[in-house]
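Q: Below you will find the structure I want to go over with you.
Any read-out appearing in this document is the output of simple, stated calculations on the displayed coordinates, not a laboratory observation. Here the structure is a predicted model, which means the values were calculated and not measured. Backbone-built Cβ (ideal geometry, glycine too); neighbour counts: all protein chains shown.
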Amino acid sequence: MAAGDGCCIGGAGARRGRGGLDVHGDGRGCTTSTGEFTVTRPARGDDGAVEAFAATFVQHCEGGAAALRGTIHYYA
């Protein structure tokens, strides 16, 4: 995983073993999601464990033009 890596949200690309993203909660979700995410900060320790991770994403629900956009940050 390197900065700039990314893939698909939903669809066949997310099911090809390349990862994926599905945002849902509070009884809400999409039957069909499309979009993409991009890794902006991957960081692994000397032992290979993930120490930090950041990504941006855009998710479209049911083929609509409206989008959920966000950024995910993880620090171990």
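Q: Filter the GluC sites (Glu not before Pro) in region 30-76 to those in DSSP coil with at most 14 other Cβ atoms within 10 Å of their Cβ, and list the result.
A: Those satisfying the criteria are Glu62.
Q: Given H placed on each backbone N at 1.01 Å, which residues far from Glu51 in sequence or on other chains put an amide H within less than 5 Å of it?
A: Correct list: Ala43, Arg44, Gly45.
Q: Provide the per-residue ³J(HN,Hα) series for region 43-53, in order, calculated from phi with Karplus coefficients 6.51, -1.76, 1.60 and θ = phi - 60°, each as a whole number of Hz, with x at glycine and proline positions.
A: Residue by residue, region 43-53 yields 8, 10, x, 4, 8, x, 6, 5, 9, 7, 8 Hz.
Q: Tell me, in nm to one decimal, what length is gained between Asp5 and Glu62 on full extension, where the rule is 0.36 nm per residue of separation less the Cα-Cα distance?
A: 18.0 nm
Q: Turning to a different aspect of this structure: Net charge within 14 Å of Val23 by Cβ-Cβ distance, Lys/Arg positive one each and Asp/Glu negative one each, not counting Val23 itself?
A: Surrounding charge for Val23 is -2.
Q: Take the alpha-carbon centre of region 53-76, take the same for region 24-46, and report the distance between them in whole Å.
A: Value for the Cα centre distance between the two parts: 6 Å.
Q: Starting from the Cα-Cα distance between Asp22 and Arg69, subtract it from 0.36 nm times their residue separation and give me the gain in nm to one decimal.
A: 15.7 nm is the gain from fully extending Asp22 to Arg69.
Q: Near the amide H of Leu21, under 5 Å away, which other amide H atoms are found, from residues 5 or more places off or on another chain, if H is placed in the peptide plane?
A: Amide H to amide H, under 5 Å and 5 or more residues apart or across chains, Leu21 pairs with Gly10.
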